[in-house]
Amino acid sequence: MRPQISIGNDLPISITLPTPDDVEKKWVGWRVWAVDLHRDADRKLRLNVFADPIDGPKQQEVFEFFLGPLGQTASPRFTALAVACGIRTRLTSVDQLEGRYFATRNGGKLSIDFGSLEFALAPA
């Protein structure tokens, strides 16, 4: 039998959710043209994804991700990028990202801000 717990009374929790003003509604399409993987001084793997916008006045963007030891684990944000780029099973080399397309909103700050290119191409 599970104990009855009232979250509001027994387990104080505070979650700040993004407000509509915090979330950019327009999706921007990107093409990955280069990827740079290197180890920081603290031995963490840092992955920089360089992307050009597919249209519009935006400048080239660098999306930065951190990976676990030996690249065996990835953040939910990096996983969202890989899925947005069409990778569905296994990423064996970061070079697999080059030439792929994806979309972001809100500057790609959170994993939910990555999506397929279709989001950027859909009529507003």
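The values are calculated or read from the model by the stated rules, or taken from the named source; none is laboratory data. This is a predicted model, so every value here is computed, not measured. Glycine gets a Cβ as well: all are built from the backbone with ideal geometry, and neighbour counts include every protein chain shown. Areas reflect the complete protein model, heavy atoms only, side chains present, ligands, DNA and RNA absent. Shrake-Rupley method; radii C 1.70, N 1.55, O 1.52, S 1.80 Å.
A few comments on the model shown:
- Here each label is just a point 7 Å from Cα along the line to Cβ, and for residue 58 and residue 92 those points are 3.1 nm apart.
- Accessible surface for segment 25-121, divided over its residues, is 60 Å² per residue with a 1.4 Å probe.
- Cα-based reach from residue 25 at 18 Å (exclusive), listing lysines while leaving out same-chain residues under 8 positions away: 58, 109
- Since only 27, 112, 85 are under comparison, the one whose Cα sits farthest along the positive direction of the charge dipole of segment 25-121, derived from C-beta charges on Lys, Arg, Asp and Glu, is 112.
- For segment 41-116, the Rg and Dmax computed from alpha carbons only, in angstrom: 12.4, 38
- Carbon plus sulfur fraction of accessible area for segment 73-124, probe 1.4 Å, in percent: 56
- Potential lengthening of the chain between residue 33 and residue 16 amounts to 2.6 nm, from the contour at 0.36 nm per residue minus the alpha-carbon distance.
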